[in-house]
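Here the structure is laid out as structure tokens; the discussion comes afterwards.
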Amino acid sequence: MKKIILLSWLFTACSITIGFAQLEGKKFVSATVGLNFNNTNQDEYPTATNYGYNIDASFGKFKTANKASGWNIGTSLYGQKATLYPDGTRETFEGITGFGVSTGYFWQHYKHFSDKFGIFGGPHVNVLYSYTKLLPNQSSDNLLHRQHHISPQFGVSAGAYYALNERWWLTASLGIANLLYLSYTIDEAEARPTGNTNKTKTFDYKLTPNLTLPSVSLGLRYFFKD
């Protein structure tokens, strides 16, 4: 009986090892999609409706059974419908309040616990451009702000996967830490209703790691045929 159990364990272990070895050289594409929708009630203003989406995709290749690297791209878009009182009169705003695009490179190390489940993590380097419109009800000076941000990002992230079959994985991000934050911002502040504007430029940096845990989002990964 002990020999049968031992042989079964060895057969299973060998099958898992062979399956993981087949990952070497495999190319894949991963994607996550997020939708945002919420209403906010404020004492000074009527209800504001916020909406948006974010899409992230990565294109990578397994260098070995336990290591992969590749490129990632992302985009996001946000909007709002709100009622403002910039000069004591009622004014309704509806439109885009922000969007962003990013690209970068990632390195991942994998720990396979079975032929179906495992975890991964590693560093990444990204460059982000974003545009943000802060309405008067969102800014402390009651001005309309249009901000352009350019930010290189250096960090690490972690996730998990579940293999649905040999072509498809279900993935989940578990956490992210930004090790170094740099940002160059151009801020255009407009007084309403005069239209007078003031432009400022700032450079910000943060050396303290910023850890977000958990940071859960679900996605899919597809492996291309050889």
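The values are calculated or read from the model by the stated rules, or taken from the named source; none is laboratory data. Just so it is clear, the structure is predicted and the values come from calculations on it, not from any experiment. Backbone-built Cβ (ideal geometry, glycine too); neighbour counts: all protein chains shown.
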Exercise. Considering only residues of segment 137-165 that are more than 23 Å from Lys206 (Cα to Cα) and at pLDDT 90 or above, which is surrounded by the fewest Cβ atoms within 10 Å (Cβ to Cβ)?
Worked result: Asn165
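So is Gly25 in contact with a strand residue (DSSP E or B) (Cβ under 9 Å, 6 or more places away or on another chain), exposed (fewer than 13 other Cβ atoms within 10 Å of the Cβ) and modelled with pLDDT of 90 or more or not?
Working: in contact with a strand residue (DSSP E or B) (Cβ under 9 Å, 6 or more places away or on another chain): yes; exposed (fewer than 13 other Cβ atoms within 10 Å of the Cβ): yes; modelled with pLDDT of 90 or more: yes.
Answer is yes for this residue.
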Exercise. Of the residues that sit in segment 109-136 and are of a type outside the set (S, T, N, Q), part of a strand (DSSP E or B) and farther than 30 Å from Glu24 by Cβ, which one is modelled with the lowest pLDDT?
Worked result: Leu134
Seminar exercise, completed: Only one of Gly88, Gly104 is part of a strand (DSSP E or B) and either small (Gly, Ala, Ser) or modelled with pLDDT of 90 or more (or both), namely Gly104
For this session: Within segment 107-119, track down each residue that is among the aromatic types (Phe, Trp, Tyr) and farther than 16 Å from Ala172 by Cβ.
Result: Trp107
Problem set entry | Test: Ala68 is in a strand (DSSP E or B), at pLDDT below 80 and surrounded by 15 or more Cβ atoms within 10 Å (Cβ to Cβ) | no
Problem set entry | Every pair of residues 6+ apart whose Cβ atoms lie under 6 Å, when the first sits in segment 190-212 and is at pLDDT 70 or above while the second is of a type in the set (S, T, N, Q) | Glu190/Thr197; Thr202/Thr185; Asp204/Ser183
